[in-house]
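Trainee: Pasting a structure here, questions to come.
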Amino acid sequence: LAKTTQPISMDSYEGQEVNITCSHNNIATNDYITWYQQFPSQGPRFIIQGYKTKVTNEVASLFIPADRKSSTLSLPRVSLSDTAVYYCLALGGSYIPTFGRGTSLIVHP
Amino acid sequence: GAVVSQHPSWVICKSGTSVKIECRSLDFQATTMFWYRQFPKQSLMLMATSNEGSKATYEQGVEKDKFLINHASLTLSTLTVTSAHPEDSSFYICSARDPGNTGELFFGEGSRLTVL
């Protein structure tokens, strides 16, 4: 299972774009890079998943370079409600999913 | 997306009693489910992997006799905290794996256990 490394915390302001980078040097060929958002006392919520290049959905974009050893979650124009912990996981079909420490994002007014 | 439902969302019990938490996959069959425990301001800690029709696989340091896991059907896994003590108070979260190749996890809402 690819171990992931993220910054422990980040601060931003409303309306700014936030980029959270995740390092996964040992990612396996069949791993998908998956990001989750967690609010206090709630289960993690799926944000986005990708294999390579760029993926975009209604809430975020995910950039994955060709070597796939890192990925960047981009949140456009954050609001106060985006204050949460964000987790990056490299998930494959048969792997046991373990969580790293995640990134605590605080959005200020 | 797929839905995983967890019940109860919170429970308070007396020390020495047992508490059961249910995790259901509502619109897909989950051969594998995972149980996590989370303390305040910490990450999710994997407790065990629940496999339908077989014994659960526990992570190192997790007492299997303390945390009983049953995965009797493709849509239901249960976690029973036996003889609960205050130190068992925590947030318990279950998840189920997407049967496809992406390995995506779907999470329940979590269950807050408080042992008095």
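Where a number appears in this text, it was derived from the coordinates with a stated rule and is not lab data. Please read these numbers as outputs of a predicted model, since none were measured by experiment. Ideal geometry is used to build each Cβ from the backbone, glycine not excepted, and the neighbour counts take in all protein chains shown.
Trainee: Between A:N25 and B:E59, how many nm apart are label points set 7 Å from Cα along the C-beta direction?
Mentor: The two pseudo-label positions are separated by 2.3 nm.
Trainee: Evaluate the Debye formula for the range A:1-89 with equal point scatterers sitting on the alpha carbons, no solvent, and hand back log10 of I(q)/I(0) at q = 0.12, 0.17, 0.23, 0.24 Å⁻¹, in q order, two decimals.
Mentor: Each listed q corresponds, in turn, to -0.34, -0.69, -1.21, -1.30.
Trainee: Moving on. Averaged over its residues, how many other protein chain Cβ atoms are within 10 Å of peptide A:37-44's Cβ atoms?
Mentor: Other-chain Cβ atoms within 10 Å of each residue's Cβ, averaged: 6.
Trainee: Relative to the compact globular guide of 2.2 N^0.38 Å, what is the alpha carbon radius of gyration of the protein assembly as shown, as a ratio?
Mentor: 1.03
Trainee: Then there is this: Inside 10 Å of the C-beta atoms of B:91-98, what's the mean count of C-beta atoms belonging to other chains?
Mentor: The per-residue average across the peptide is 3.
Trainee: Just to be sure I understand the model, the point goes 7 Å from the Cα along the line to the Cβ. What's the resulting B:L68 to B:S15 distance in nm?
Mentor: Going by the 7 Å Cα→Cβ label model, 2.2 nm.
Trainee: Same structure again: So in the protein assembly as shown, what percent of DSSP beta bridges are antiparallel if you round to the nearest 5?
Mentor: In the protein assembly as shown, approximately 90 percent of DSSP beta bridges are antiparallel ones.
Trainee: By count of other Cβ within 10 Å, fewest leading, how are B:E104, B:E109 ordered?
Mentor: Taking fewest neighbouring Cβ atoms as first place, the list is B:E109, B:E104.
Trainee: Quantify how strongly other chains surround peptide A:99-107 by giving the mean number of their Cβ atoms within 10 Å of each of its Cβ atoms.
Mentor: 2
Trainee: Calculated FRET efficiency, A:N57 and A:R101, Cβ-Cβ r, R0 22 Å, to nearest 0.05?
Mentor: 0.35
Trainee: Moving on. Using alpha carbons only, what's the Rg to Rh ratio of the range B:1-61 with Rh from Kirkwood?
Mentor: Radius of gyration over Kirkwood radius for the range B:1-61 works out to 0.98.
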